[in-house]
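A.B. asks: Before I ask anything, here is the structure I am working with.
Rule-based calculations on the coordinates, nothing more; no lab input. As the structure is a computational prediction, the values presented were derived from the model and not from experiment. Here the Cβ positions follow ideal geometry from the backbone for every residue, glycine too, while neighbour counts run over all protein chains shown.
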Amino acid sequence: MAFHLKTGIPLKIAVLALLMLLPARLVIGEVSGHWIYEKITTDTLQKELKSATVRSRNSITLLSPDAGVNHGLIMIRKVKGGEPEVLFAVDMGRFYTGETIRVKIDGGNAEWIAVDKPMDRRSDLLFIHEPTKFINQIKNAKELKIAAQLSQNGEKIFDFPVDGLDLTKLGL
């Protein structure tokens, strides 16, 4: 698997992150702590999109047909003038989850939160249903754990280092 030289993130995640966005003309990136911040200006409408992305510190190994090492990815993105979105994705594999996932922030209790599947029926990506509430819950946290069912692999837990999130870089 190829890795991005500066961040150590697999190229597939970096490409996935960019594909989740609108076609880009200008991309400006910055790494700060665990978070990667990007500012993208789109070709079509000259809209500015800002994002912050963090990769899980742990990896999981999946069974065939998605065999291999897998990481989770959390992306917070916001188009200028719009509402923020929070995406939860995996390198490989397919979510086999209903309408909720379990989330544990720092040492708190695990809670069920609602998620939405993308309209294009992608199975490696979920949208957090109440993104502003979720962002407010993690903005001062150090650690986030997400448990989700993956097809033919059962429940897997991803551990994210979320400390240092700078919401001003997203216009929040």
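A.B. asks: Taking 0.36 nm per intervening residue step and subtracting the Cα-Cα distance, what contour gain separates Glu48 from Asp166 on full extension?
C.D. replies: 40.7 nm
A.B. asks: With labels modelled as points extended 7 Å from the Cα through the Cβ direction, what inter-label distance (nm, one decimal) is found for Glu111 paired with Lys142?
C.D. replies: About 2.0 nm separates the two model spin labels.
A.B. asks: If a/c stays under 1.5 just call it rounded; otherwise compare a/b with b/c (prolate if a/b is bigger, oblate if not). Do that for region 76-134, with a ≥ b ≥ c from the square roots of the Cα gyration tensor eigenvalues. All intermediate terms of the calculation are to be shown ahead of the outcome.
C.D. replies: Details: a/c = 1.87, a/b = 1.05, b/c = 1.78.
Here region 76-134 falls in the oblate category.
A.B. asks: Applying a 10 Å radius around every beta-carbon, put 113-120, 47-54 in order of their mean neighbour count, most first. Walk me through the numbers on the way to the answer.
C.D. replies: Numbers: 113-120: 13.2, 47-54: 20.9.
Per-residue Cβ counts within 10 Å, averaged per peptide and sorted highest first, yield 47-54, 113-120.
A.B. asks: Rank-order 95-108, 137-150 by packing density, defined as the average count of other C-beta atoms within 10 Å over each peptide's residues, highest first.
C.D. replies: Ranked by mean Cβ neighbours within 10 Å, highest first: 137-150, 95-108.
A.B. asks: Continuing with this model, one more query. What ³J(HN,Hα) values, in whole Hz, does the Karplus curve 6.51 cos²θ - 1.76 cosθ + 1.60 give for region 108-119 when θ = phi - 60°, with x put for Gly and Pro?
C.D. replies: Whole-Hz 3J(HN,Hα) from phi for region 108-119: x, 6, 5, 10, 8, 10, 7, 10, 10, 7, x, 5.
A.B. asks: For Arg57, enumerate residues with amide H under 5 Å from its amide H, sequence gap 5+ or separate chain, H modeled in the peptide plane.
C.D. replies: Asp159, Phe160
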